[in-house]
Amino acid sequence: MTVTSQPGFTIVDFVPDDFDAVFHAWQESGLWMRPSDGREHVLLKLERDPDLFLVARDAAGAVIGSAMGGWDGRRAYVYHLGVVPAWQRRGVATALMDELEERFRARGAVKCKCQILGGNDVSTAFFAARGYELETPCMPYGKELVPGGAPRDDCPC
Ligand SMILES: CC(C)(COP(=O)(O)OP(=O)(O)OC[C@H]1O[C@@H](n2cnc3c(N)ncnc32)[C@H](O)[C@@H]1OP(=O)(O)O)[C@@H](O)C(=O)NCCC(=O)NCCS
């Protein structure tokens, strides 16, 4: 289903058949891929928040970006926001995040969080331009529940 139409691209809901193309777009956009990015885990995530995984497609239908949202009942999270290089700086991530934040609000979320890998200046600039602020003194802590599932240094973006 088309959610938003922008000049040259549309935002649609992710469906399982999109997995390969989205995975490829994640790789192309340079996102740090983790063991939990496989089909099985992505589909598990989709069961939980089926309406919070958005895909951007160009006029020919190719996947050019995506954003995966999470809502745990208290906070909203953004994971794997990525746009393929040829489409960067053309408002695709803005359109994805506009729609995602609207859906978060509709769920009752009052705050959205994301994790940015240290040194990712482009992502920092993008989120700062949207009003996101670095939240010190919080430090991310994590523990692997399954060996190899999410090794240390994980960045869940
Ligand atoms: C970060 C990313 C998703 C931004 O996507 P995008 O579609 O190019 O972003 P937009 O065109 O919507 O940019 C909106 C605003 O963000 C800021 N911005 C985006 N890219 C920027 C860059 N390279 N340098 C400085 N500011 C930038 C600007 O303020 C921009 O507005 P402007 O173009 O009017 O100046 C994209 O660069 C990307 O996929 N990067 C690689 C993957 C990644 O790091 N994802 C984030 C993981 S936390």
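Among all stretches of the chain without exposed GluC sites (Glu not before Pro) (DSSP loop, at most 12 other Cβ atoms within 10 Å), which one is longest?
In the chain, the maximal stretch lacking such sites is 1-132.
Helix-only mean residue ellipticity at 222 nm, the chain, DSSP H runs n ≥ 4 weighted -39,500 (n - 2.57), per residue, nearest 500. What is it?
Taken over the chain, the calculation gives -9000 deg cm²/dmol.
In the chain, which longest range has no trypsin sites (Lys or Arg not before Pro) that are both DSSP loop (not H, G, I, E or B) and surrounded by at most 12 other Cβ atoms within 10 Å?
1-73
Only residues of region 74-96 count here: report those whose backbone N is under 18 Å from the spot 7 Å along Cα→Cβ of R130, or say none.
74-85, 87-96
List, in order, the whole-Hz ³J(HN,Hα) value for each residue of region 22-27 obtained from phi through the Karplus relation with A = 6.51, B = -1.76, C = 1.60 and θ = phi - 60°; use x for Gly and Pro.
Each residue of region 22-27 in turn: 5, 4, 4, 5, 4, 5 Hz.
If one computes the Cα centroid of region 86-111 and of region 4-43, what distance in Å separates the two points?
With region 86-111 and region 4-43 each reduced to a Cα centre, they are spaced 15 Å.
Shape of region 1-41 from its Cα gyration tensor (a ≥ b ≥ c, root eigenvalues): rounded if a/c is under 1.5, otherwise prolate when a/b > b/c, or oblate?
Oblate, since a/c reaches 1.5 and b/c is not below a/b.
What fraction of the DSSP beta bridges in the chain is antiparallel, stated in percent and rounded to the nearest 5?
So the antiparallel bridges in the chain amount to around 85 percent.
Please state the relative contact order of region 2-129 as a whole percent: Cα pairs under 8 Å, 6+ residues apart? Numbers along the way, then the final one.
On the way: 178 pairs, mean separation 29.3, N = 128.
Worked out over region 2-129, it gives 23 percent.
Is the chain best put as rounded, prolate or oblate by its Cα gyration tensor, with a ≥ b ≥ c the root eigenvalues, rounded for a/c under 1.5, and otherwise prolate when a/b is larger than b/c, oblate when not?
rounded
Report, in debye and to the nearest 20, how large the dipole of region 20-157 comes out about its Cα centre when Lys and Arg carry +1 and Asp and Glu carry -1 on their Cβ.
260
Readers should treat all values here as calculations from the given coordinates under stated rules, not as data from a laboratory. Since we're looking at a predicted model, the values are computed, not measured. Methodologically, a virtual Cβ is constructed for each residue, glycine included, from the backbone with ideal geometry; neighbour enumeration extends over all protein chains shown.
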